Every structure is written in structure tokens, then in C-alpha cells.
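The values are calculated or read from the model by the stated rules, or taken from the named source; none is laboratory data. Everything quoted here is computed from the prediction, not taken from an experiment. Quick reminder, even Gly has a Cβ in these numbers, built from the backbone with ideal geometry, and neighbours come from all protein chains shown. Note: accessible area is taken over every heavy atom of the protein model, side chains too, but ligands, DNA and RNA are not part of it. Shrake-Rupley method; radii C 1.70, N 1.55, O 1.52, S 1.80 Å.
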Amino acid sequence: MSFKDKVIYQIYPKSYLDTNGDGIGDLAGIIKKLPYLKLLGVDMIWLNPVYPSPQKDNGYDISDYTAVNPVFGTMEEFESLIQKAKEHGIDVMLDMVLNHVSIEHEWFQKALAGDKKYQDYFIIRDETTDWVSKFGGNAWAPFGDTGKYYLHLFDITQADLNWRNPEVREELFNVVRFWMDKGIKGFRFDVINLIGKDEVLQSNAMSDGKPEYTDKPITHEYLRMMNEATYGSDPEIITVGEMSFTTVENCIMYTQPERHELSMTFNFHHLKVDYEEGKKWTKVPFDFAELKRLFHTWGTQMSENQGWNAWFWNNHDQPRALNRFVDVENYRVEGAKMLASAIHLNRGTPYIYMGEEIGMVDPDFESMDDYVDVESLNAYQELLEQGKSPERAFEIVQSKSRDNARTPMQWTHEVNAGFSKATPWLAVGNHATEINAAKELEEGSIFAYYQKLIRLRKEYPVIAEGSYQAFVPEHESVYGFVREHNGQKLLVLNNFFAQAAEVQLPEEFVGGEVLIDNYLSTEVTSDFTLQPYQSIGILI
Ligand code: GLC
Ligand code: CA
């Protein structure tokens, strides 16, 4: 299976559909929605972690890698999900969190109890470095009462694993094999570019320690080992690595087929263009020139070097893209389609995050009490400590919180948006009456636009396989690119603003076939005007 013509749909299981009335989404809920997913046309569903976990970081703190959290269902239900999905032509991708485990995991508990074998599963030192946790504060915490410290790049309850230890690697490869044996055809590897740490760890005051543990050469070796020991034997399996603070050079290496590491990588640079001075917890308008520059850099470099991008606008860690990149009050529908075209017609595998296909927006919560995410709560406190007023701190959290994406899927206009009969674990967004799947299927046009994009990727090799070149890279409001394959060319133009934009078309595209357009009956002339948030694909 090549992954180039596939489209992957991400489900946050906690928030998809609750079938047993505990306010938390479950596996049975996903099974129930398989016909909906089939209608959309996606090839694979990626589930955020469904393993047993104390849920300090919503499942990314795993306490047992080879079981299902009872809150989501049983192993039998999980197996039935794989099988029923298959019957709908859909495969399942699992989230593998192999950089760290919960401190409640048996390995950490044994280590704490003094077992030397398991102490070598973690990164434990007499002295700490100055590294900062990605969720704020010191990245080191006291290891019991031993006087030593263990490393946690994320929450204090997420202890980093020691990949230098071959026994740890073998344990983790066994986990991957366990799920392969169940019929899993995709793996999303959480923060996988952080697994390689040096023997001697160094402080790095300049950048919170990041260069000391990010994209280390040894990480490429570990990935090759994992590939060889596990998924490399099955050409149908799709792998995607989540890369924190990475570079295009490294992502080319992670994904070049002959290196046998991963199928594709997620990077986050394009989703930091609305960070002030690189800081997430700020609120400024997005920098279009920078967004375009990043798309072109990653597009051309990956294209010229046989690397492969995983493209996305939304996931469970990001506020909704519509609120970030579009005048959502006035152009929600046009903007949703334009954003979709910009990645679905691009070179790379597109991911759809649940709710994106119906144009879901941020929930617009009105109080800090509505937020539950550990990162958001920490950030609010830090903003107050920095001297921000409570109003400003709230405004920033409201625009950047990960909970923006994690609110329940909006299915209907009924109570709790049809997600659950009970009070949901996280409040439903404030726009569920106007934005929900039932209404969208009845009278909307975003879902149908996604269906079309998914179909086109399968019908036109120029979309799945074509090369990538920048078009009008200096344009101040249009992101354009050309795809080319076996003599066929596709020009894609995306207007990222609410004002009309002029473009000069090269002669060869004038009169070309309009493959897809989010406005009606556009005529392709040489002096071409794009309407607000218009996106058009012209084939010759
Ligand atoms: C990834 C996940 C995020 C999680 C973190 C730690 O970035 O996407 O949700 O908090 O890793 O596992
Ligand atoms: Ca439930």
C-alpha cells in the first residue's frame, strides 16, 4: 500500500461519541460512526491513546502498553473495531508513546522499589541539568528518596525512557509487535525525535535544553532498529513520527524510503506562525509571509529529496485552524475549504482532525473553570506570575488552549451536541447549534468538499505523486504551488485573506480544467482574480 494517495482521519476517542452515558467517548462510539467515516471516504483512523493511564496528560501517560483502558471499552471491543473498520475499508492507526511512561507504569514502580534492572529503564542522574519541561518548570524531579533525579521532558508523571538500554528497546519493539498482531496498520509515534539522549547530559541555558535531546543522530539509528524489528516487515503499515522542534534536513532523513525509518513526519513550524517571538502563550495575528515560506521550504525540499510530509491544520494539541487563519465570523465555509485544499492538494499525506470536515471552531469558553488540560492550567498560572492581568491571561489561554480541539464532536443540535446523555468530561463548544454533523450533511457543503478532495487524491496521480514547486512565492495574500507528474500539471491557488487578490496566470494554465473550486463557475483567464478565501485547482 502506498501511503501517497491515502487520507487519515484523527479521532480523539474521549470526545468522539459516548455510548454508555459516562460522559466519555468510547470504542463502541467509534464503531457506531464507521458508516459516517466511510461516507467521508478516509482510509485510516488514527486514535489518540486508548491504553490504561492515570490520565494526567489525557492518555499520553501510559501505565500499560498492551491493554485497553476500561473507560474506552474492552480488548474484545477493540478487536471488533479493527475488524469492523476493515469491513468499511478503513484501517486503524495507533498512537505509540515510546519516549516516556507514566510513573504508575510497573517499570517505574519497580525502579522506585529499588530494582536496579528497572532503574536502568529510566534516565536517572545524581545531578540535574537546566532543561525545562515542555509543560513548564524543571525537567527533573526527585527519584523517590534516593537523592537522585529522573528526567521528565513532559509532565512530572511522565518519566522519559532510556533508549540506550537494549532491554528497553526490546520491550518497546514487543509492544509494537503486539499491536501489529492485532491487525493494526498504522503507527503514530509520539515525540519520537526526542528518544535519543546522550550518555552525559549537558545544560543549555540558551534554549531550555532542546538541542541536547532533539533529533540526535542516534535517534535515526533507533528508528532503523525499530523498523527492522517491527513494521519494516509489513509494507502495508503506515508510520508517522511526531517531530518536536525539528528541521527539514532531519525529516528528509526520517522519511527517505531507502533509509528505512518512517513513512512520514509531522512538523509544527507552520503552526507557530501566530506565536510572538516563538512563544506559544501569546496572542498575535498569523504571519502569512512566514507561513508561505515554510510551506515552500518543506514542499520543495521534501520533493527534491524524496522525503514525505504529513500535512495537517488541526490536531488534539492545536486550537482550531479556522480561528487562527480565517475571518471565521464572515468566511467560515469558504475558509474551511480553502485550508483543506491547501493541504489536500499538496505533496504529502493529509490528516483530517475530527470535526474539521464540518467546519468546527473553537468552543469560546467563558471561564477558566471550563479548561481541564494540564498545559493550559499551568500556562494560565505562569501568565499571571509574569504580571499579566487575569483578563489578558484568560484571553491568551482561550486562543491557544489544547482544549479548543478536545471538546466533544458536534453531531446534532440536541443536548450535549448528541455526544453523550451525561455531562461530558469537557464542555461542548458554544456553537454546536449552528455547527454539527447532522446539519452539515443536510444542508452544508464543507463535508462534500472534503469528500471530493479525498476522491481526487485517488483519481489523480498528479495529486498523490506529483512534484512540488512554489508559484508566485512573493505574493502578499496568495499561497500557490504547482504539482507535476508524467506531463500533467496542477496549479493550486489559495487566497488566505478576506480581500480579493489578483494573480497573473502563465499562458499554459489559461483555459485549463477547473478540478476543484470553492466558488462557483470561475473562468480561468490570464488576469485572474481570486475571491475572499478562494481556492482553485487548475489542471492542464
Ligand atoms: C505529544 C502529544 C501531546 C502530549 C505529548 C506528550 O506532543 O501530541 O498531546 O501531551 O506528546 O506525550
Ligand atoms: Ca463512555
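If only residues of region 504-530 that are of a type in the set (A, V, I, L, M) and not in a loop (DSSP other than H, G, I, E, B) are counted, the one that is surrounded by the fewest Cβ atoms within 10 Å (Cβ to Cβ) is 514. Go through (1) outside the structural domain of residue 344 (by TED's automatic domain parsing); (2) under 28 Å from residue 152 (Cβ atoms) one by one and return the number of the condition residue 3 breaks. Only one criterion is unmet by residue 3, namely (2). Within region 226-239, residues that are within 18 Å of residue 45 (Cβ to Cβ) sit with their Cβ atoms under 6 Å from residues that are crowded, with 21+ Cβ neighbours inside 10 Å and basic (Lys, Arg), at 6+ positions apart or across chains, in these pairs: 236/185; 237/185.
With region 184-279 as the region, which helices (runs of 4 or more DSSP H) entirely inside it contain at least 2 residues that are assigned by TED's automatic domain parsing to the domain that holds residue 47, open to solvent by less than 40 Å² (accessible area, probe 1.4 Å) and of a type outside the set (Phe, Trp, Tyr)? Helices (runs of 4 or more DSSP H) meeting the threshold: 217-229, 248-255.
Do we have any residue at all in region 108-124 that's assigned to a strand (DSSP E or B) and closer than 20 Å to residue 202 by Cα? For region 108-124, residues assigned to a strand (DSSP E or B) and closer than 20 Å to residue 202 by Cα: present. Just one of the numbered conditions (1) closer than 23 Å to residue 375 by Cβ; (2) modelled with pLDDT of 95 or more is not true of residue 68: (1).
For region 321-348, what are the residues that are open to solvent by 30 Å² or more (accessible area, probe 1.4 Å), in a helix (DSSP H, G or I) and in contact (Cβ under 8 Å) with a residue 24 or more places away in the chain? Within region 321-348, 323, 328, 330, 331, 332, 333, 334 qualify. Of the residues making up region 70-101, those that are open to solvent by 20 Å² or more (accessible area, probe 1.4 Å) and more than 17 Å from residue 185 (Cβ to Cβ) number 6. Residues in region 4-28 that are over 17 Å from the mean Cα position of the chain (by Cα) and more than 11 Å from ligand 2 (Cβ to nearest atom): 4, 5. Selection of first residues in region 44-59 that are more than 15 Å from ligand 2 (Cβ to nearest atom) and of second residues that are of a type in the set (Gly, Ala, Ser) and open to solvent by 10 Å² or more (accessible area, probe 1.4 Å), restricted to Cβ pairs under 7 Å at least 6 apart or on distinct chains, gives the following pairs, ordered by first then second residue: 51/67; 52/63; 52/67; 53/63; 54/63.
Within region 83-102, restricting attention to residues that are over 21 Å from the mean Cα position of the chain (by Cα) and in contact (Cβ under 8 Å) with a residue 60 or more places away in the chain, the residue that is nearest to ligand 2 (Cβ to nearest atom) is 83.
Under 21 Å from residue 330 (Cβ atoms) and under 34 Å from the mean Cα position of the chain (by Cα) - does that describe any residue in region 522-529? The answer is yes, given that some residue of region 522-529 is under 21 Å from residue 330 (Cβ atoms) and under 34 Å from the mean Cα position of the chain (by Cα).
Of the residues screened, residue 161 is one that is in contact with a His (Cβ under 7 Å, 6 or more places away or on another chain) and either within 16 Å of ligand 1 (Cβ to nearest atom) or on the phi < 0 side of the Ramachandran plot (or both).
Looking only at region 172-182, decide whether some residue is free of Cβ contacts under 8 Å to residues at least 60 places away in the same chain, closer than 28 Å to residue 377 by Cα and among the aromatic types (Phe, Trp, Tyr). Within region 172-182, not a single residue is free of Cβ contacts under 8 Å to residues at least 60 places away in the same chain, closer than 28 Å to residue 377 by Cα and among the aromatic types (Phe, Trp, Tyr).
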